[in-house]
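Enquirer: After the structure tokens below, expect a handful of questions from me.
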Amino acid sequence: MISRRNYFTITVIMIVVFFMFQFTNVVLEGWDGYEENAYAQDRESLAGQESAYQAGRQGTENSSGYSRGRIVYIGSADGILGNVVQDWVNYTKKDFAIYHTVEEYGTAANEVRPQMLVIDTEHVAWEEDSVCGRLEEYTKQGTSLVFCNLPEPSVIKENQKLRALLGIEELRADETTVEGIHLYEGFLLGGERVYRTEDEEEKEKRQDMELTLPWYTLSEETEAYMCGIPEEEMDAREYPPVIWRAPSGDAQVFVVNGEYMNDAAGLGLLSAMAAETKDYDVYPVVNAQNMVIMNCPGLAPENEAEIEERYGQSTTEMFRNIVWPSIVSVYRKNTLGLSCMLAPQYDYEDDVLPVQEELEFYMKRLKEQSAEAGLSGESISYTAIGQKLDEDERFVKELLPDYKFSSFYAGKLTEMELDSVLQEDMLQYVRTVARDYDGGSEVVGYQSEHITSQSILSDGAAYTYRGDFRMRCVETALGYANVGMDIGCAVYPDNDQDDIDRMISDFSWNVRNSYKNFSTFSGTTLSESDQRIRNFLALDYEEKREGNMIYLDFTGTETPAWFILRTDGERIRHIEGGDWQLLEKGVYLIEADRAHVEIRL
């Protein structure tokens, strides 16, 4: 006869075994379907480039009271700043016009009063006495001015009317060098940030902000958004200003002292400035946060001797024991979505071939994490990209005959090479291309009529202050992030900086500290982000306000669509047609479930 104690023990063991088997079934269920890609679609059935919004229509109020903001740019359409402004107006669905000079704009017939006049000062004839008076007259009509840069300090010193327009009392020094940059809270999303360190090693790695600039003293009416931090202690009001605004007429004058507008950062600066010109602002965003691991996992046991010497284990073991667990740890501790761009081989000219068991292992793990498996276009050999893809296809099809890649990492491919390989059989279902950031302002767009392009804006293993600033600007403008880490250099390291432990440690710190204030935005894989980008680019919208009600209507895209609402101290009381989340004080993420949304403040 079984004693009560033994009966209890047997019962407990049976329950434990039962739950162990149940857990195994849950894991196996998580692996189910790894042989196919749920994101794969005929790309010609997706919204194409032809559907994307293009600015150009005049901004006039219609009979229902809805309006579209109009932006006028003074400068060269083909220059860096011209590209920044044109990309921004397309993203924000503004109306747009370009004039080469202030005089040309002033003589334009039937010009609708713009919300903002964005100016490249290199295209302004400051020696003409009438220029400042003309610009001041525009502010009296309610048009805000944005100076994307400044003329030489000598020009400002000699022109009292220009100083008054810019909110400058005096030129304190033609040039000064500061220790760091202070970004104040409430302008860009993400809060306050001080880009300074006293650690010499950290300074060498991180500090890439513009630290040498003219030093101006501002008038009392101005408001600074970003300043340099001088070496000597003084009142913060005396710090060398970098970005500020000054009131003029019935509008605002925004000033950038440096080249901060000359890349994707300009998108966020313009969005923040536009919001400052009104008591509220609504504009569309992508709402997608990507974490992309390039050339990972490697599936061939390459460079074994050096990896063994460095880490005391084989390349395969390094990926399984160090790389993959670390990536999963970073992914689970943050809110970004995960995409891994597979590297079947790094060197296609050696005799080391990829291993089927490794492909199966990682495809199951990626499925388990709800992550995406894309394909990398990189190799370290001189193998032609077409041959590389042929070998990759033969290898992948042995295990996964029905798998279709929907995302592709371009790596160092030229435009001509990329356009060619996207027609290859293996890539015929690729719907989006991830690309290293090229310094421009087109963060998301179309690579071709049916394939989108997404910039990997941040190297997560090499955090810099300018990179952090740019990230905050793009989050402000687009609600979009794309941070990457290239594992390939750890397999074939060039120097000690390519140590995998250091890379992953830096990556973990960067993602944890840089993106924690943007956790309200959605984590997405590249293909999920692609769908949101297509919807965002195709979307067109109108909004109006009556009393404490904001009415928002949009067309051209599927629901949901996402918008940022910025208010001057007002809070959302109720929404019809969607939902909202608080991003930070006075800033809300609106998820519109219907094409007509009503927001009560």
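Enquirer: What tally of residues in the range 257-294 results from selecting those that are charged (D, E, K, R) and over 18 Å from Arg566 (Cβ atoms)? Steps first, answer last, please.
Expert: Kept after step one, since they are charged (D, E, K, R), are these residues of the range 257-294: 259, 263, 276, 278-279, 281.
Pick out the ones that are also over 18 Å from Arg566 (Cβ atoms) and you get 259, 263.
The total comes to 2.
Enquirer: Of (1) over 26 Å from the mean Cα position of the chain (by Cα); (2) under 23 Å from Ser326 (Cα atoms); (3) part of a helix (DSSP H, G or I), Phe395 satisfies all except one. Which?
Expert: The failed condition is (2).
A quick yes/no check of all residues on (1) within 20 Å of Val474 (Cα to Cα); (2) at pLDDT 90 or above:
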position: Trp31; (1), (2): no, no
position: Ala38; (1), (2): no, yes
position: Gln41; (1), (2): no, yes
position: Ser63; (1), (2): no, no
position: Ser76; (1), (2): no, yes
position: Gln86; (1), (2): yes, yes
position: Ala97; (1), (2): no, yes
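Matching residues to (1) assigned to a strand (DSSP E or B); (2) within 26 Å of Val511 (Cβ to Cβ); (3) touching a Pro at 6+ places or on another chain (Cβ under 7 Å):
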residue	(1), (2), (3)
Pro247	yes, no, no
Glu259	no, no, no
Ala272	no, yes, no
Ala275	no, no, no
Val282	yes, no, no
Met294	yes, yes, no
Pro301	no, no, no
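Enquirer: Conditions: (1) among the β-branched types (Val, Ile, Thr); (2) touching a residue at least 60 places away in the same chain (Cβ under 8 Å); (3) under 30 Å from Leu189 (Cα atoms). Val433 meets all but one. Number of the miss?
Expert: Going through (1) among the β-branched types (Val, Ile, Thr); (2) touching a residue at least 60 places away in the same chain (Cβ under 8 Å); (3) under 30 Å from Leu189 (Cα atoms) one by one, Val433 breaks only (2).
Enquirer: Among the listed residues Val131, Val146, which satisfies the condition of being crowded, with 22+ Cβ neighbours inside 10 Å and aliphatic (A, V, I, L, M)? Lay out the reasoning, then the answer.
Expert: Working: Val131 fails: crowded, with 22+ Cβ neighbours inside 10 Å.
Only one candidate passes the filter, namely Val146.
Enquirer: Residue check: is Lys388 of a type in the set (Lys, Arg) and over 21 Å from Asp501 (Cα atoms)?
Expert: On the way: of a type in the set (Lys, Arg): yes; over 21 Å from Asp501 (Cα atoms): yes.
Judged against the criteria, Lys388 is a match.
Enquirer: Sticking with this structure for a sec: What pairs come up if the first residue lies in the range 325-341 and is within 23 Å of Arg532 (Cβ to Cβ), the second is open to solvent by 20 Å² or more (accessible area, probe 1.4 Å), and their beta carbons are under 6 Å apart, counting only those six or more places apart or on different chains?
Expert: Hits for this filter: Val330/Ser508; Thr335/Ser519; Thr335/Gly523; Leu336/Gly523; Gly337/Gly523; Leu338/Tyr331.
Enquirer: Out of everything in the range 220-245 that is over 23 Å from the mean Cα position of the chain (by Cα) and part of a strand (DSSP E or B), what residue ends up being farthest from Cys148 (Cα to Cα)?
Expert: Ile229
Enquirer: Six or more apart or on different chains, Cβ under 8 Å: which pairs go from a residue in the range 176-193 that's more than 16 Å from Pro230 (Cβ to Cβ) to one that's of a type in the set (Ser, Thr, Tyr) and surrounded by fewer than 19 Cβ atoms within 10 Å (Cβ to Cβ)? Could you list them?
Expert: If the second residue must be of a type in the set (Ser, Thr, Tyr) and surrounded by fewer than 19 Cβ atoms within 10 Å (Cβ to Cβ), the pairs left are Glu192/Tyr184.
Enquirer: Let me ask something else about it. Is it the case, given these coordinates, that Val194 is open to solvent by 10 Å² or more (accessible area, probe 1.4 Å), modelled with pLDDT of 95 or more and not in a helix (DSSP H, G or I)? Working first, answer last.
Expert: Values: open to solvent by 10 Å² or more (accessible area, probe 1.4 Å): yes; modelled with pLDDT of 95 or more: yes; not in a helix (DSSP H, G or I): yes.
So Val194 fits the description; yes.
Enquirer: Follow-up question, since we're still on this one. Give the range 160-191 a look and list any residue that's open to solvent by less than 30 Å² (accessible area, probe 1.4 Å) and of a type in the set (S, T, N, Q), or say none.
Expert: Listed by number, the list holds a single entry, Thr176.
Enquirer: Would you call Met485 without any contact (Cβ under 8 Å) to a residue 60 or more places away in the chain and hydrophobic (A, V, I, L, M, F, W, C)?
Expert: Details: without any contact (Cβ under 8 Å) to a residue 60 or more places away in the chain: no; hydrophobic (A, V, I, L, M, F, W, C): yes.
Spelling it out, it is not the case that Met485 is without any contact (Cβ under 8 Å) to a residue 60 or more places away in the chain and hydrophobic (A, V, I, L, M, F, W, C).
Residue-by-condition table, conditions (1) more than 25 Å from Lys388 (Cβ to Cβ); (2) open to solvent by less than 40 Å² (accessible area, probe 1.4 Å); (3) in contact with a Leu (Cβ under 9 Å, 6 or more places away or on another chain):
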position: Glu302; (1), (2), (3): no, yes, no
position: Tyr311; (1), (2), (3): yes, yes, no
position: Asn321; (1), (2), (3): yes, no, no
position: Met341; (1), (2), (3): no, yes, yes
position: Tyr348; (1), (2), (3): no, yes, no
position: Glu360; (1), (2), (3): no, no, yes
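Enquirer: Same structure again: Give the number of residues within the range 262-278 that are at pLDDT 95 or above and under 19 Å from Ile590 (Cβ atoms).
Expert: Counting residues in the range 262-278 that are at pLDDT 95 or above and under 19 Å from Ile590 (Cβ atoms) gives 5.
Enquirer: Give, as residue ranges, the strands (runs of 3 or more DSSP E) completely inside the range 548-601 that count at least 3 residues that are more than 14 Å from Tyr283 (Cα to Cα). Reasoning before the result, please.
Expert: Numbers: elements: 549-555, 561-567, 574-576, 578-584, 587-592, 596-600.
Output list reads 574-576, 578-584, 596-600.
Enquirer: Also, I was wondering about something else. Taking Lys388 and the conditions (1) over 20 Å from Asp530 (Cβ atoms); (2) open to solvent by 20 Å² or more (accessible area, probe 1.4 Å); (3) among the basic types (Lys, Arg), which numbered condition does it fall short on, given that it satisfies the others?
Expert: The single condition Lys388 does not satisfy is (2).
Enquirer: Still on this structure: Filtering the range 355-393 down to residues that are more than 18 Å from Tyr39 (Cβ to Cβ) and aromatic (Phe, Trp, Tyr), which residue is modelled with the highest pLDDT?
Expert: Among them, the one singled out is Phe361.
Enquirer: Okay, next question. Asp351 is checked against (1) part of a loop (DSSP other than H, G, I, E, B); (2) more than 30 Å from Leu269 (Cβ to Cβ); (3) at pLDDT 95 or above and fails just one. What number does that condition carry?
Expert: So Asp351 meets the others, but not (3).
Enquirer: Being open to solvent by less than 10 Å² (accessible area, probe 1.4 Å) and among the hydroxyl-bearing types (Ser, Thr, Tyr) is the filter here, so list the residues in the range 523-560 that pass it.
Expert: Within the range 523-560, Thr524, Thr525, Ser527, Ser529 meet the criteria.
Enquirer: Another question about this same structure. Kindly list, by first and then second residue, each pair from a residue in the range 529-549 that is among the polar types (S, T, N, Q) to a residue that is outside any strand (DSSP E or B) and open to solvent by 30 Å² or more (accessible area, probe 1.4 Å), limited to pairs with Cβ atoms under 8 Å and residues at least 6 apart or on different chains.
Expert: Asn535/Ala47; Asn535/Thr557; Asn535/Glu558; Asn548/Glu570; Asn548/Arg573
Enquirer: In the range 216-262, which residues are farther than 20 Å from Glu152 by Cβ and of a type in the set (Val, Ile, Thr)? It would help to see each step written out before you state the result.
Expert: Our first condition is that a residue be farther than 20 Å from Glu152 by Cβ; within the range 216-262, this holds for 219-227, 229-239, 245, 247-252.
If the condition is that a residue be farther than 20 Å from Glu152 by Cβ and of a type in the set (Val, Ile, Thr), then Thr222, Ile229 are the ones that fit.
Enquirer: Taking the condition of being under 28 Å from the mean Cα position of the chain (by Cα), at pLDDT below 95 and small (Gly, Ala, Ser), how many residues in the range 293-332 meet it?
Expert: Residues that pass the stated criteria total 1.
The values are calculated or read from the model by the stated rules, or taken from the named source; none is laboratory data. Everything quoted here is computed from the prediction, not taken from an experiment. So basically every Cβ, Gly included, is an ideal-geometry build from the backbone, and we count neighbours across all protein chains shown. Ligands, DNA and RNA are stripped out before the accessible areas are found, and what is left, the full protein with its side chains, is counted by its heavy atoms. Shrake-Rupley method; radii C 1.70, N 1.55, O 1.52, S 1.80 Å.
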